[in-house]
Amino acid sequence: MLWDLFITFFMIGFVSFGGGYAMIPLIQEEIVHNHGWMTAQEFTDVIAVAGMSPGPIATNTAIFIGYNQMGLTGAVLSALGMILPSLMIILAIGAIFYKIQKSMMVKSAFYGLRSIITGLIVYAAILFAVNNGLVSSISWHTFSLILIFGLSLLALLRYRIHPVYVIVMSGLVGVTVYG
Amino acid sequence: MNSNPGKLTLLSQIFMTFLKIGPVTFGGGYAMIPLIEKEVVERRGWVKTKDITDIFAVAESVPGAIAINSATFIGYRLAGVSGAIAAMIGVMLPTFFIVVLLSLFFLQVQDHPKVEAAFVAIRATIVALITYAAIKIGKTAAVDKTTVALIGLTVGIMYFVHIHPVLLIIGGGLTGIGIIALKQKLGMKVDLEQEDNAPFKYSDYYIGDGI
């Protein structure tokens, strides 16, 4: 199990181009879909807590999942798995050629990579919407969730409120409305 | 160990510098970028202003969180492999313990009715956050018809066929190289320069949109 945690995040670490929320679809695929370590809803809660913690969201998610599964050792191994690939690649690049990002080849690769990662996040958004009851039967509950979704998106896009505050405000709304 | 006290001092300085940066930032690695710049360029004078942009650019192109990558890279430039490791552990350590404490706290309270109620709403907000990330990354990705088609194709493949995202990502890099090569052969103009024009928008950094 510990080895599984390490290997899973090690593999994700190697392809986690983009950082941030771009890694969510990858972690979701491994943790929920392949390993079944948590349900889609539990995974959503993990992202919420990771999003409220300081530091990079993807690494935070790995630490939380590792801790959730196997305690402190699990957290350490998940974090290590996630950051070791970056360390290895940076050491390799640093040793060889450090202006590598200027090369045509790398730019071409990112031209394709960005589109794929956008597609993966769009897919993740659809999946999360389905799993968290935003597109279920027509009811007041579904309607209220869609309203919270819409207002949150508006707060982020239009008013540029920091995600941490949006999550906290949403939680307060939840306690009032559903509590 | 005492054979090289200068190096040991440098390593502990690197470690302490990044340790301090770690816990003060919320909501993703991009928030750390201005702080890293301030510490290593202005305060310590470890990196020149003209070099720091290159360092961030490399950190961004390498898999992983940009803040951790930048720290690791700066550590490497200053003191080799041990410097890279010192910087990486330094930047990770505080957030690691904060996340562990928060996880511990969350696992204790998650079954409380009020917390459950809060999370009913928070889950809808997380869907909004992911949608927001998709819009932001989409803006940098969808530069022409080909990239828009690639985005649609990826969603379609995931929805109907479900290939492992790791394979899709590797395929995406290769497809990019193939498409650009083909377009150049056909004499079509390809704009790859946009990433140079918009390097680091400090005001808007908190989501991983800057792949």
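Structure notes:
- Residue match in region A:133-150 (condition: within 17 Å of the chain's Cα centre (by Cα) and free of Cβ contacts under 8 Å to residues at least 60 places away in the same chain): no
- Residue B:64 being assigned to a helix (DSSP H, G or I), out of contact with any Pro (no Cβ under 6 Å at 6 or more places or on another chain) and open to solvent by less than 30 Å² (accessible area, probe 1.4 Å): no
- Pairs, first more than 7 Å from chain B (Cβ to nearest Cβ) in region A:10-36, second not in a helix (DSSP H, G or I) and not aliphatic (A, V, I, L, M), C-beta under 8 Å, six or more apart: A:23/A:16; A:23/B:208; A:31/A:37; A:32/A:39
- For residue B:148, the conditions (1) at pLDDT below 90; (2) open to solvent by 30 Å² or more (accessible area, probe 1.4 Å); (3) among the aliphatic types (A, V, I, L, M) all hold with the exception of (1).
- Flag for residue B:107 being of a type outside the set (Ser, Thr, Tyr), closer than 20 Å to residue B:32 by Cβ and in a helix (DSSP H, G or I): no
- Residue within region B:35-54 that is at the interface with another protein chain (Cβ under 10 Å from one of its Cβ atoms) and in contact with a helix residue (DSSP H, G or I) (Cβ under 7 Å, 6 or more places away or on another chain) present: no
- Residue selected from region A:103-126 under the condition over 14 Å from residue B:128 (Cβ atoms) and more than 7 Å from chain B (Cβ to nearest Cβ), by the criterion least open to solvent (accessible area, probe 1.4 Å): A:103
- Of the residues making up region B:121-145, those that are part of a helix (DSSP H, G or I) and open to solvent by 40 Å² or more (accessible area, probe 1.4 Å) are B:135, B:139, B:145.
- From the list B:125, B:147, B:175, the lone residue that is in contact (Cβ under 8 Å) with a residue 12 or more places away in the chain and within 26 Å of the chain's Cα centre (by Cα) is B:175.
- Residue check for residue B:117: surrounded by fewer than 24 Cβ atoms within 10 Å (Cβ to Cβ), within 25 Å of residue A:165 (Cα to Cα) and at pLDDT 95 or above: yes
- Members of region A:120-166 that are of a type in the set (A, V, I, L, M, F, W, C) and over 22 Å from residue B:138 (Cβ atoms): A:138, A:140, A:143, A:145, A:147, A:148, A:164
- Being surrounded by 22 or more Cβ atoms within 10 Å (Cβ to Cβ) and facing chain A (nearest Cβ under 9 Å) is not true of residue B:90.
The values are calculated or read from the model by the stated rules, or taken from the named source; none is laboratory data. Quick caveat, the model's predicted, so the values are computed rather than measured. Reconstructed Cβ throughout: ideal geometry from the backbone, glycine too, with neighbour counts over all protein chains shown. Protein only, heavy atoms only, side chains kept; ligands, DNA and RNA dropped before computing areas. Shrake-Rupley method; radii C 1.70, N 1.55, O 1.52, S 1.80 Å.
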